[in-house]
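Enquirer: Pasting a structure below so you can have a look.
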Amino acid sequence: MTTTPHKRPAPAPERLGILLQGMGAVASTVVAGVLAIRQGLGEPVGSLTQMSHIRLGKRTENRNPKINEFVPLANIEGIVFGGWDIFGGDLYEACTHAEVLEPTLLAKLEGALREIKPMPGAFDPNYVKRLNGTHIKPGTRRDWANALRQDIRDFKAKNNLDRVVLVNCSSTEVYIEPGPVHQSLEAFERGLDENDSTISPAMVYAYSALMEGVPYANGTPSLAADIPALLALADQKSVPVAGKDFKTGQTMLKTVLSPMFKARMLGVRGWFSTNILGNRDGEVLEDPESFKSKEKTKLGVLDTILQPETYPSLYGNLYHAVRINYYPPRGDSKEGWDNIDIFGWLGYPMQIKVDFLCRDSILAAPIVLDLALFLDLAQRAGRKGIQEWLSFYWKGPMTASGLYPEHDLFIQLTKLKNNLRHMMGEELITHLGTEYYEYPSEGSH
Ligand SMILES: NC(=O)c1ccc[n+]([C@@H]2O[C@H](COP(=O)([O-])OP(=O)(O)OC[C@H]3O[C@@H](n4cnc5c(N)ncnc54)[C@H](O)[C@@H]3O)[C@@H](O)[C@H]2O)c1
């Protein structure tokens, strides 16, 4: 199946700026990781843009280039990092505090890491109750937006960059529902002027990025660009946005296992997911209001995949619970347990137990890199607004209003790769497969 390409992406820039909102465990692991990879000290494991190949054409054509040789992506050699945090210091200190990467590796990167110093963050303690930021911007929400926009311009000028992407790697904010100030750009602008407290810091960063024409990705479950006011702004400024909440450990597994149950028409009675983690993210998520934001994106996936309304006897009574417990001894090395009660033929019960001893930031870092590179590509291909083709990376993928999100990891991967093929005017791959066999043609018997 061939398609007319939407617009071929413009050539990749030699240098790309990646601004990180929040420079904690995930962000510092991305930065140190990219520096290490550049020096040949590690491999970009987990990154599609760096490692994955993409099949083109028929299976008999043997065309299988690497993604970064097929589409014009910025090269990691030319990436420049910057960002904000509500604690000062530098990225070497952030890496040391996060305790994700080995001190011996960090020692080799110390000089370059120390050069990156977070700019003061835009912070309201009512949105992240467990943290007391000391490195923060003064003034009202309008002042924050002006200062953040100036930071973006200064970062571009100082590093001689034409293109920049912003990825939100900041602490999870408390759960909020969109209110009147979020409904239109006019109301939002007024809210900034009036320092309306229902505008969260995450929204101010997203607004500032969009105003500067900078693609924006939300790696957290916080409400940010996913409000009508900012989606209208993304459209107006022709900027791509994507979110939300990186799909890394437990939810990645959930979106692989649950499609399997549904594919085989196996029932699910219960799914109990629990986590212990001891990093700052875990500490913030101890606050019930921040946890509620996380719970929403974590719980959402099963209903959409299993469709209980279509299959009430298989999934109608599913009990689904997610717990997160802060347990300091574990640091960034999380343990996620899943107990899944399934049933088969004639309703006979079975159980599956998954114990995933993972590393949160190690799983999240390649996602940040991929998103930054793909969002930059999307903008050069003339795409704007919600980038649903990047659903692959999200626990709660943003979609156009009225559409349910696609959560199945492998459908998401097919969607992503077909979008790349489409962008480059290549044949889409439907997996129909009839071309390899002799079938009677239409009209014959
Ligand atoms: N690691 C994963 O697997 C994973 C998966 C999905 C989502 N996330 C989300 O990514 C985010 C980052 O995770 P992490 O483990 O790096 O957490 P972290 O606590 O180590 O880092 C977050 C950083 O954001 C800073 N911060 C808080 N409010 C800020 C503000 N208003 N402006 C600027 N900086 C601010 C904090 O000081 C901290 O340094 C969290 O929201 C987490 O829920 C992580």
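Enquirer: Using the charge dipole of the chain (Lys, Arg: +1 at Cβ; Asp, Glu: -1 at Cβ; taken about the Cα centre), state which of SER238, HIS97, ALA27 has its Cα farthest towards the positive end.
Expert: Farthest towards the positive end: SER238.
Enquirer: How long are the three semi-axes of the equivalent ellipsoid for the chain, computed from the Cα gyration tensor as the root of 5 times each eigenvalue, in whole Å, largest first?
Expert: Three semi-axes, in Å: 34, 28, 23.
Enquirer: Relative to the compact-globule scaling 2.2 N^0.38 Å, provide the ratio for the alpha-carbon radius of gyration of the range 287-445.
Expert: Rg over 2.2 N^0.38 Å, computed on Cα atoms: 1.36.
Enquirer: Name the residue farthest towards the positive end of the dipole of the chain from the options ILE76, ALA157, ASN64, assuming +1 on Cβ of Lys and Arg, -1 on Cβ of Asp and Glu, about the Cα centre.
Expert: Towards the positive end, the residue furthest out is ASN64.
Enquirer: Would you mind ranking GLU435, GLU189, GLU14 by Cβ crowding within 10 Å, fewest neighbours first?
Expert: On the way: GLU435 9, GLU189 16, GLU14 13.
So the ranking, lowest neighbour count to highest, is GLU435, GLU14, GLU189.
Enquirer: Before rounding to the nearest 500, sum -39500 (n - 2.57) across all DSSP H runs of length at least 4 in the chain and divide by the residue total; then give [θ] at 222 nm in deg cm²/dmol. Please report the intermediate quantities before stating the final value.
Expert: Working: 15 runs with 170 residues, N = 445.
Mean residue ellipticity at 222 nm (helix-derived): -11500 deg cm²/dmol.
Enquirer: What nm value, rounded to one decimal, do you get for the distance between PHE356 and GLN150 when each label is placed 7 Å out toward the C-beta?
Expert: Placing both labels 7 Å along Cα→Cβ, they lie 4.3 nm apart.
Enquirer: Tally Lys and Arg at +1 and Asp and Glu at -1 over the other residues with C-beta under 10 Å from the C-beta of ILE136: what net charge comes out?
Expert: So the environment of ILE136 carries a net charge of -1.
Enquirer: For the ranges 408-415, 243-250, what's the packing order if you count other beta-carbon atoms within 10 Å of each residue, average per peptide, and put the highest first?
Expert: By packing density, highest mean first, the sequence is 243-250, 408-415.
Enquirer: Excluding ASP355 itself, what net charge comes from residues whose Cβ is under 9 Å from its Cβ, given Lys and Arg +1 and Asp and Glu -1?
Expert: -1
Enquirer: R0 = 35 Å: FRET efficiency of ASN126 with LYS237, Cβ-based, nearest 0.05?
Expert: Efficiency computed from Cβ-Cβ geometry: 0.75.
Enquirer: What dipole magnitude, in Debye to the nearest 20, does the chain give about its Cα centre under +1 on Lys/Arg Cβ and -1 on Asp/Glu Cβ? All intermediate terms of the calculation are to be shown ahead of the outcome.
Expert: Numbers: 47 positive and 52 negative charges, 123 e Å.
About 600 debye.
Enquirer: While we're on this one: What is the set of long-range amide H partners of ARG269 at a cut-off below 5 Å, with H atoms built 1.01 Å from backbone N?
Expert: For ARG269, whose amide H was placed from the backbone, the distant partners under 5 Å are ASP341, ILE342, PHE343.
Enquirer: So what are the ³J(HN,Hα) numbers for the range 225-242, from phi and the Karplus equation (6.51, -1.76, 1.60; θ = phi - 60°), rounded to whole Hz, Gly and Pro as x?
Expert: Rounded to whole hertz, the list is 6, 8, 10, x, 4, 7, 5, 5, 5, 4, 5, 4, 8, 6, 10, x, 10, 8.
Enquirer: Past 20 Å, Cα to Cα: identify those pairs from LYS237/LYS417; LYS58/LYS417; LYS58/LYS384; LYS129/LYS254, in the order given.
Expert: Check vs 20 Å cut-off fails for LYS237/LYS417; LYS58/LYS384; LYS129/LYS254.
Enquirer: If you don't mind, there's one more thing I want to ask. I want to check the label-to-label distance for GLU309 and ARG323. Put each point 7 Å from Cα in the C-beta direction and report it in nm to one decimal.
Expert: Spacing of the two 7 Å Cα→Cβ label points: 3.2 nm.
Enquirer: What residue among THR434, VAL214, ASN195 has its Cα farthest toward the positive end of the dipole of the chain, where the charges are +1 on Lys, Arg and -1 on Asp, Glu, each on the Cβ?
Expert: Sorting the options by dipole projection puts first THR434.
Enquirer: Also, quick follow-up: What is the calculated FRET efficiency for LEU346 to ALA157, with r their C-beta to C-beta distance and R₀ = 45 Å, to the nearest 0.05?
Expert: Efficiency, rounded to the nearest 0.05: 0.05.
Enquirer: Taking every pair of alpha-carbon atoms in the range 252-359, what share in percent sits in each 5 Å bin, from 0 to the bin with the longest distance?
Expert: In order of increasing distance, the bins hold 2, 11, 21, 22, 17, 12, 8, 5, 1, 0 percent.
Enquirer: Would you kindly give the portion of the calculated P(r) for the range 97-222 that falls above 23 Å, as a percent of all Cα pairs?
Expert: Percent of Cα pairs beyond 23 Å in the range 97-222: 40.
Enquirer: What dipole magnitude, in Debye to the nearest 20, does the range 88-170 give about its Cα centre under +1 on Lys/Arg Cβ and -1 on Asp/Glu Cβ?
Expert: Approximately 440 debye in magnitude.
Enquirer: For the range 333-414, go through all pairs of different Cα atoms, get the mean of 1/r, take its inverse, and jot down that Kirkwood value in Å.
Expert: After inverting the mean inverse Cα-Cα distance, the result is 15.8 Å.
Enquirer: Can you compute the charge dipole magnitude of the range 279-352 about its Cα centre, using +1 on each Lys and Arg Cβ and -1 on each Asp and Glu Cβ, nothing else charged? Give it in debye, rounded to the nearest 20. It would help to have the intermediate numbers written out before the result.
Expert: Working: 8 positive and 12 negative charges, 11 e Å.
With only Lys, Arg, Asp and Glu charged at Cβ, the dipole is about 60 debye.
Values quoted throughout were computed directly from the atomic coordinates according to the rules given, and no laboratory measurement underlies them. Owing to the predicted nature of the structure, the values given are computational and were not obtained by experimental measurement. All Cβ positions, even for glycine, are placed from backbone atoms using ideal geometry, and neighbour counts span all protein chains on display.
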